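Structure, as structure tokens:
The values are calculated or read from the model by the stated rules, or taken from the named source; none is laboratory data. Everything quoted here is computed from the prediction, not taken from an experiment. For neighbour counting, all protein chains shown are included, and Cβ atoms are generated from backbone atoms with ideal geometry for every residue, glycine included.
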Amino acid sequence: MEVSERVISRITNSFSDGGIHFASPISSLRTSEIDLVRGVLQMMQGLSSSLFFWDDNGHCFRVKSGIYVIHLSQTSLYGVLDKFIYAATSLKLVEIVVNKIEKSKRLPPPTLRAFACSVSAWLRRIRDISLNEEMKINSSDGKTTPTLLGLSSSLSSLCSGAEYLFQIVHEAIPQFYFELDHSISAAEVSVHIINHLYAKLNEVCLLQGGEEDEYRMLLYILVGSLLPYIEGLDSWLFEGTLDDPFEEMFFYANNEIAIDKAEFWEKSYLPRSAKSQKLRVLDFASDLLSSTKEKRNLSGRESISLSGVAKEKESNKNTFQLCPFFMKDTAKAIISAGKSLQLIRHAPMTSLLTAPATNLENETSIGGLTLSEIFCVSLVALIFHGDHISEYLWQDNKLVSSFGSVKEIQRLEESNGTLTAKTSSNKAWHKLLTDILAQKRDLSSGYAQRDPLNSFSVKGKKLTSNEIDELPQFNTFCPENPVITVCLKLLHENRDAWSALNISQNYHLPPLNDEGLRQAIFGENCGTGLAHKNTDYTSGFQFGEFERQVEDGEMLKVLLPCPTLLPLFREDMCMSEVLPFQNNSTLPSRILSWIQSTEPKSTPLPAVILQECLTSYIKKQTDHIGKNMLSKLLHDWRLLDELGVLRAIYLLGSGDLLQHFLTVIFAKLDKGEPLDDDFELNTILQESIRNSADKVLLSTPDSLVVSVTKNPGSSEDDQHYMSTSVSTPRKGRSQSFGIDVLDSLKFSYKIAWPLELIANLEAMKKYNQVMIFLLKVNRAKFVLDKARKWMWKDRGTATTNSKRHWLLEQKLLHFVDAFHQYVMDRVYHNAWRELCEHMAVAGTLDEAIEVHESYLLSIQRQCFVVPDKLWGLIASRINSILGLALDFYSVQQNLSSGGAISAIKLKCEKEVDRIEKQFDDCMAFLLRILSVKLNVGQFPHLAALVTRINYNYFYMSDNGSLTAPGSRSLRST
């Protein structure tokens, strides 16, 4: 014990004699726990107090230095307070960000404003929890004393929610957006916010145990942020109007392209691309959307198998960079739907046809509800009741009933297999839908009964104060006087007070007479030189002042019948609660309030929510517009009839439409006359059309025009095609008049708008390529028929050489006839039948364009004019054989004119040997190449060509060995 006392005394003496002194706490810093609780609750509401204050430099809440409580150590005290300080700081930082957005000099885009508004509402909800706790403490009877530990337990969800809200706001809004010189666009900000909220909601939706608040918070903010974007889609999908002043949609209008231009469909509305390099737009399509892709076509129609569809879907990721990724699969269809609406509504004003307008021109909503309202109703049914009502709400392309009754709604419910009237009529979404339809019906009938001219008078009669009860503002919705609208119920309940509220008889309007003003300034002697007294600013106004005051007074009475009337006030009251029903406002406001106050029954994935509540309706609307557009194309605008005209012209399907024209130009080429006069060619063409039995195909003879191009094959595709072609070694008498001289011709046909959107300039170029090839075949057939006539005249002098000539002529003619028959069967008939079949099942104008492009590609391949290396090699051999027909014709022409001369006869025989050998070599090459492609099975249509040109296995046996005499040299190599 003595040792212990010494130790204690030594320690005490060291502290008292110049050592470390125990500082006694300052009594003024002592505080009670209840004061700390009140300070914490006020801090959570964003308010500073005597114990906690906001540090503007540190951007955080701080506790007053040195405070203490008796029963807690400093470590324990600050350990408890740090949790509240961090949560309060998070809420305050969120408030600062929201204020920056709301008070920004540059008006923020709608999605960002909606995001800030949703965050602000949820921030108030969190802070209201603290306010309610403070009210409970202040109203308590003192029997229970609040403690920091109890507060920590009751506000645990608040603290976690505050931290999570700060995390969402911090990550959703790019920090450099608040820089003065930022280059980020509104579209980039909007899609970043929506994609980020989508991804966060996807993360928390499957978590269990206390995570429902985070799910509800994210759902609330996502829905609120999506509403402006959905409103923009609504105006585009139902009105064909791009209402996007802030340029935040994923596509934009190219104002340089008018609607009546041929390139309207391709270039009028284009996908928006990202500009900022700082912001990486989130893309979760590969991970999140793979499980929600549609396994079947919602419309139930037959899908069209086209070569470019799969590649196009793969390129959507890069094409629609600034599109919310859950909408990328329908992005192209959305753009096409709005353009289709514009075409449908614009075409009747400019089209020469007098087709009746479809109902689509008057459809501006889904059964009277906007897209955002349908989204909200479907969301309530899915989240709070687990009902999937998209199929129920849209029946025969309309809502259950346009302003329908409850009985009619229930009747339609009973006919639906998934919903029953007994169960759904008691659900919130059903009551909400019924109430909204009733309000819209009442509002519509109110507007229908109201005369707009009665806003200032009743049939021209001036109103007195006793007739105020007849004012239309007191009987229906009054948009020009919101106070009356808000207080309408109050006014009807207190009709006796109308006379006291109406003070219009006490109006004293300032006179226009300026005599009093002049006297006040100049006194009694105010300018004796003036010609008039009682003037109106020296304008000579002397009469009508009383009448003017009475008329203006009556006007003010109509506009402001009760100017002193003020509506009832309630803090945090939404305008949608007091005003009559407003589109895109009343219903979404109710749904957002519902999400705040109601626990969801389920927490589905965001992909399920948006697919069921939004994307499905968009898909149905785009399909509906597409079907109407196709109906217009096929029936009103007669698309197939116009394509049939192109078929008759460019595929030479008409019997005699171009017969005279071809006969004349082939004769000119035979005489060595060049085709270089456009006027002469068009004169011949118009004469051929006028004398044709098929002239009724063309609206006017001059709708088809031919021209001569100076540099044929100057385009990239033509240059590629010509580079792979092997020209004929010799071309008759003149190189310029060989088989390729027809390449300089270009036929132009004027297609009526809007069908030129499908048969555009690029399509007409492909038609020309096919037509020029068919003209070459016709010219070869023409010269062979002419050569046969000469040979038939000389049949009396039959020799060995003449029989050889006959055999060669028959081989050339067989090839030309067989190839011509193949073209007519495959190109003219089969390809056209496939076109008509695919057009019948097409759903949109885009699909119709794809069908037409597939048709053109098909006939290009079957005529071997597609720009491809292998097809170019095949086409070169075919052109060589057609050129050999011209060479054979030249030989027979020389023999017919100077065949008695031995030198000429010998030269002609050598030329025949060359033609025969080259023909056999070309045939062997063609059959070998075509058989290889045929065995691969990629192009089965080549079987018909091989069968025709290798008739009875004359050139190639069934096992693939060459049998033609001229093929031995090729086999030996």
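E133: on the phi < 0 side of the Ramachandran plot and crowded, with 18+ Cβ neighbours inside 10 Å, yes or no? Criteria met by E133. Could you please let me know if S631 is in a helix (DSSP H, G or I), among the small types (G, A, S) and at pLDDT 90 or above? Spelling it out, it is not the case that S631 is in a helix (DSSP H, G or I), among the small types (G, A, S) and at pLDDT 90 or above. Taken together, the criteria exclude S890 from residues that are at pLDDT 90 or above, in a helix (DSSP H, G or I) and of a type outside the set (A, V, I, L, M). Hey, among the residues in region 681-704 that are surrounded by 15 or more Cβ atoms within 10 Å (Cβ to Cβ) and β-branched (V, I, T), which one's nearest to L658 (Cα to Cα)? Filtering first and then ranking leaves I689. Within region 635-647, the set of residues being assigned to a helix (DSSP H, G or I) and more than 28 Å from D234 (Cβ to Cβ) comprises H635, L639, L640, D641, E642, L643, G644, V645, L646, R647.
If we scan region 822-844, do we find a residue that is aliphatic (A, V, I, L, M), assigned to a helix (DSSP H, G or I), surrounded by fewer than 16 Cβ atoms within 10 Å (Cβ to Cβ) and under 37 Å from the mean Cα position of the chain (by Cα)? Scanning region 822-844 turns up at least one residue that is aliphatic (A, V, I, L, M), assigned to a helix (DSSP H, G or I), surrounded by fewer than 16 Cβ atoms within 10 Å (Cβ to Cβ) and under 37 Å from the mean Cα position of the chain (by Cα).
Please verify whether region 150-159 includes one or more residues that are within 24 Å of R30 (Cα to Cα) and either among the hydroxyl-bearing types (S, T, Y) or touching a residue at least 40 places away in the same chain (Cβ under 8 Å) (or both). Taking every residue of region 150-159 in turn, at least one turns out to be within 24 Å of R30 (Cα to Cα) and either among the hydroxyl-bearing types (S, T, Y) or touching a residue at least 40 places away in the same chain (Cβ under 8 Å) (or both). Contact annotation: residue pairs with Cβ atoms under 6 Å, 6 or more positions apart or on different chains, pairing a residue in region 602-613 that is closer than 15 Å to T330 by Cα with a partner that is part of a helix (DSSP H, G or I), are L610/F326; E612/L382; E612/S390; C613/F375; C613/S378; C613/L379.
Against the definition (modelled with pLDDT under 70, part of a helix (DSSP H, G or I) and either touching a helix residue (DSSP H, G or I) at 6+ places or on another chain (Cβ under 7 Å) or not assigned by TED's automatic domain parsing to the domain that holds R861 (or both)), how does G966 come out, yes or no? Yes; evaluated as a whole, the condition is true for this residue. Evaluate region 848-859: report whether one residue or more is surrounded by 19 or more Cβ atoms within 10 Å (Cβ to Cβ) and touching a Lys or Arg at 6+ places or on another chain (Cβ under 6 Å). Yes, region 848-859 contains a residue that is surrounded by 19 or more Cβ atoms within 10 Å (Cβ to Cβ) and touching a Lys or Arg at 6+ places or on another chain (Cβ under 6 Å).
Of all the listed residues (S140, S120, S48), the sole one being under 30 Å from E231 (Cα atoms) and polar (S, T, N, Q) is S120. Checking E133, E231 one by one, the residue that is within 30 Å of I70 (Cβ to Cβ) and in contact (Cβ under 8 Å) with a residue 40 or more places away in the chain is E133 and no other.
Over 13 Å from the mean Cα position of the chain (by Cα), modelled with pLDDT of 90 or more and either of a type outside the set (V, I, T) or surrounded by 15 or more Cβ atoms within 10 Å (Cβ to Cβ) (or both), is that true of Y220? Here the answer is yes, as Y220 does meet what is asked. The set of residues from region 223-265 being of a type in the set (A, V, I, L, M), closer than 26 Å to W594 by Cβ and either in contact with a strand residue (DSSP E or B) (Cβ under 7 Å, 6 or more places away or on another chain) or surrounded by fewer than 20 Cβ atoms within 10 Å (Cβ to Cβ) (or both) is empty.
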